[in-house]
Every structure is written in C-alpha cells, then in structure tokens.
Amino acid sequence: MAWPYFLDCDRFFVSEEEECYDPLEGLRVEQEEEDYYGLPPVEEHPFTSIRFRYHSEAQLASVLTQTAERCSDVALTYSVGRSFEGRDLLAIEFSSNPGRHELLEPEVRFVANMHGNEAMGRQLLIYLAQDLCNEYRQGSHRVQTLINTTRIHILPSMNPDGYELAAAGGQDANEDEEEGRKYAARNVGRTNAQGLDLNRNFPDLASIVYRRRRQRTYRTDHIAIPDFYWFGKVAPETYAVMKWTRSIPFMLAANFHGGDLVVSYPYDLSKHPQEHKLFSPTPDEKVFKLLARTYADAHATMGHDQVWCGSSRASKNGIINGAQWSSFAGSMQDFSYLHTNCFEVTVNLGCDQFPAEEDLANGWHENQEALLSFLEGAHRGIKGLVKDEGGNGIKGARVSVRGVRHDVTTAEQGDYWRLLAPGVHILTAVAPGYTRAVKRVRLPAGMRHAGRVDFVLQKTALDPNVTDPHRVEEEVGAVGEGDGYTEQGDYERFDPYNHFERYTAATGAARRQEQRAEKPWWWSFFVGSGGGVGPAPTWLLRKDD
C-alpha cells in the first residue's frame, strides 16, 4: 500500500523492510535546485527568475511577496482591497522609499485583468515586477534611475474572481463546437463574481461634462461623484480602486486588456449619444496622443498600420481615441482623467485574450521596452511646488494651462505634476485666500526631464461676494431639466452611504463560507476541538526510547 502523500513518512513507525516511500521526494529535489522564487530561470538570462507560465492567485501572491522580500529596500506589497469573493487585490510598489510619498516624485500605476478572461496583462505585470527587481539588483542604470525617481504601483489583477473562473473553464471550448458556444467559453470570467463589467462600473463623469459644455466656465477636472451613482451596483473591486486612486496622487496610469492590439485614450464615451464611433477628444488631446504613441512606438509590432485584430482598424499607427473606436460609459480611464490628476490610457495587448503559455515569453519581449518607456513618460511636462510666502506648501491649489480646460491640484505638501506637450504654455496657480501667480514656460521638443516651475502665492482677504471661477463647475447643477442629476458640490465627499462597511461585511461572510467548505476525511486527525490545527497525533509518532 502506498504511503499517504500528506503524512511525513519518516516521523512514524517504519522499518527498513517496510520501505517507507515518499512520493514527493523527487519533486523536493527539483525544488531545491530551483531559484529563490521556486521557479526555474529562463535560459536566456540565468540571473532572472521569470518563468513564463500562468499564475494562480496563490502563486501570484507568492511571487509578488518574494519579489518584495528580495528587493525589500525598494519594494513592498500591499492590498488595495478585496474582491466580491474575498480575494485580496494585491499590489506591489517600487520606490527608493517604499510606503510613502516623496516630495516631487511622480506616482504611476499599472492595472491589469479588469476583465478576468484577459490574462496577458496580468502576466506582463507579474513579469514586470520581477524584472524591475532583477534589473535593480544587477545594477541597471536605467531601472535604478526609474525606481529612484518614480513611485511605481503595480496591480496585476483587479478581477481575481473572474480570472480564477476563466482559468478553470475559459479554455474548454473545442474547435468542433458551435460558434456561439465557443464565444461563451471565451467570455467566461470577463465580469466579476457579481456579473458586473468593471470597465463599465465607474461613475459616468463624461456625460456630466458633455451636459455642461455650453457653460462659459465649464471645466473637465475634479468632477465630483454624483449621489445617484451610489444607488446602483458598485462592485467592491471598483470601489477599492476608486478609493486607492483618491488616496495617492497618481499622475500617470495604464490599464491592460486583450482582444485587440492598440492603445486607446479618453474619452471612451462619444459626445453624441447616437454616434458610437465619433471622435471625442479631451482638452489634453495632444498629451494623450503623445502618451499613447510612447507605448505603441516602443512596442515590437503595435505601431505598424497593418497590425490590427478587429474593430481597431481605424487606428493610426496603433493608437486611437476611445470613443472613435467603441463608445461606452463608466470606463476607468475617463474616471481617472475627470475625477483626479491622473492621465490614463488603455493598452490592448493582442488578439488572443487568453493566449497559450508558449506565447507568454514572446508577449513579454514585445512589451518589455514599451512598459519601461511608458513609466519614463511620467517625467514629461512640468512639476513644482506651490508655496506661501513662508515657504509652506499649499494643499489643493490649482495649476491651470491657458487654453486647456483641465486643471491639476497640489498634493499634501504643495507639489504638483502637469503632463504637457512641447511648446509655449501660460501657467496660472491659484488657491482660496491667495493671489494668483502667472508664468510663461517653454518646453522644447525632446526634453527628457520635467521642467521645474514653482509658484509663491501671497495671502489676500477673501471676498464672500466673489465666486471663485475655478469652483463654478462644482456648485452648479445640471444643464437641462429632468435629467435627474444633482451634485453635492463637495469633491471631498466620497461614499456618502458607507458602502465600505457593507463590502467589508460581504467579504467577511464569503471568507467564513469558504472556511466551512468540506474537508478531506483525514482532516479530523489533525484538528483540535476548536477547528484549528492541533498537535500531531501521538499514537502515530515514533518512540525514541
């Protein structure tokens, strides 16, 4: 009879004649020969520990944790929140001082796997985390400079519930099945466990901007989340990312999808409700084209006109306006631009949403340079401090660009970042209780580092009868009657109905239900009366006397 695989053979009564056999012995020997991560290195670079295979949620957590431990001086892991089924949304951060914001250091985030069945982005971000750690330890000047001057946040999976479902059942369709069944199989796991498409679940702020565009003072920044949004179904994953986005002063981001090969940029929602493929640019069209072009041009094939998978054939060298491609409301990139200081694009990584494992290495090599080049794009435009006469940073001051209806605001210590295309720009800094300051800036083409532009504002008496023109758009109601929109006028007011408590209770219940799952027949031998793992059963232990 074979020795049970779950029992440690050499701890029990056995004689040489009984030939105690450990079926895992060979596997343990192989694991001892593997590297720190428990994954064999690829042949091209013996130092690296990247293995091009898919990772389960447990394996993803293990790799990110071990990567952070290996590069503990510049990396750490943390949870953004929990999924509907209680899984951690685990992120890893790279910075010269991980865990805190440093003055004038830009914050960038990468998010993948919003659609659980689009797996290439998830894998790329796992590989990117490992690669950044490896290259930093090897002394790569480029990566060390990037990490020492940028705070990088990587969330490989925003939809772990959907991914686990897709990985288990999304590949079951056979070639001889009917087309409808194959399509259904390919879309297993696209939504979260509630059946919600996470990239349609963010507040639709673009519609609010479109309704306001006839106002003389309308703007397209820091639009407050309307109350009615919270009355709908808000996924816990969406909630977690929104709160994360508001808690860190991100200024650049990308989210990764599959099914096409193109970079799209805001707006995702068409300006005309009846025209789903209408070019709908933001006031920062030039900047977004520059960001999208940075990724597409650095990609091995994306920038070629003849490379497309389907509906992106209207793209120009691998980039396209989102609404011109496929109009929809509630996208993450529209939310980031309209609610925060963050400029975000959407990267579609290829025709196959869940490619075969043998294609993962090629996908990494096609995107490696593009990922690094995009991160370096955080150092475009200008950055600086808005201070008072005493040298103290002013939180919440607005920095505007003449001719662009989109401001950025300063962080806690008064620092700001403003992505800009090359050219001459007139900048204005203003804050309640201070006079405004104006500067003229020229950004030459090919400038590799953000220009430093500081402002010093002088205190002034506030006139209660004068309305700050920069807050008009937050205080005015909807344009038009009967559209059901009212806004609280307070950007800082978030989650007025305490969804966080409800989500915490839901995930706690999901975890308790998981713990009550049926255990194998031998489990009772190793648990105490309280259900926890108890001491080893003494009636089976070898006697040493």
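The values are calculated or read from the model by the stated rules, or taken from the named source; none is laboratory data. Keep in mind the model is a prediction, meaning the values are calculated, not measured. Counting neighbours? That spans all protein chains shown, and the Cβs are built from the backbone with ideal geometry, glycine included. What goes into the accessible areas is simple: the full protein's heavy atoms, side chains included, and nothing from ligands, DNA or RNA. Shrake-Rupley method; radii C 1.70, N 1.55, O 1.52, S 1.80 Å.
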Sort through 166, 240, 193, 235 and tell me the only one that's at pLDDT 90 or above and under 28 Å from residue 395 (Cα atoms).
240
Please work out if residue 220 is surrounded by 23 or more Cβ atoms within 10 Å (Cβ to Cβ), of a type in the set (Val, Ile, Thr) and in a helix (DSSP H, G or I).
no
Out of curiosity, is residue 174 at pLDDT 95 or above and either open to solvent by 10 Å² or more (accessible area, probe 1.4 Å) or not in a strand (DSSP E or B) (or both)?
no
For the stretch 121-155, what are the residues that are over 16 Å from residue 374 (Cβ atoms) and in contact with a Gly (Cβ under 8 Å, 6 or more places away or on another chain)?
123
Only one of these is without any contact (Cβ under 8 Å) to a residue 60 or more places away in the chain and either open to solvent by less than 10 Å² (accessible area, probe 1.4 Å) or in a loop (DSSP other than H, G, I, E, B) (or both): 105, 135, 118. Name it.
105
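Residue by residue, here is whether (1) more than 18 Å from the chain's Cα centre (by Cα); (2) within 30 Å of residue 104 (Cβ to Cβ); (3) surrounded by fewer than 21 Cβ atoms within 10 Å (Cβ to Cβ) holds:
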| residue | (1), (2), (3) |
| --- | --- |
| 230 | yes, no, yes |
| 234 | no, no, no |
| 241 | no, yes, no |
| 244 | no, yes, yes |
| 253 | no, yes, no |
| 272 | yes, no, yes |
| 282 | yes, yes, no |
| 304 | yes, no, yes |
Test residue 68 against the stated conditions and say whether it is within 26 Å of residue 195 (Cβ to Cβ), surrounded by 19 or more Cβ atoms within 10 Å (Cβ to Cβ) and either of a type in the set (Gly, Ala, Ser) or without any contact (Cβ under 8 Å) to a residue 60 or more places away in the chain (or both).
no
Would you pick out the residues in the stretch 263-293 that are touching a residue at least 40 places away in the same chain (Cβ under 8 Å), assigned to a helix (DSSP H, G or I) and farther than 11 Å from residue 337 by Cβ?
286, 290, 291, 292
Of all the residues that make up the stretch 185-199, how many are part of a loop (DSSP other than H, G, I, E, B) and free of Cβ contacts under 8 Å to residues at least 60 places away in the same chain?
2
Looking at the stretch 200-213, is at least one residue part of a loop (DSSP other than H, G, I, E, B) and at pLDDT below 95?
yes
So which residues in the stretch 330-369 are without any contact (Cβ under 8 Å) to a residue 12 or more places away in the chain and hydrophobic (A, V, I, L, M, F, W, C), if there are any at all?
356
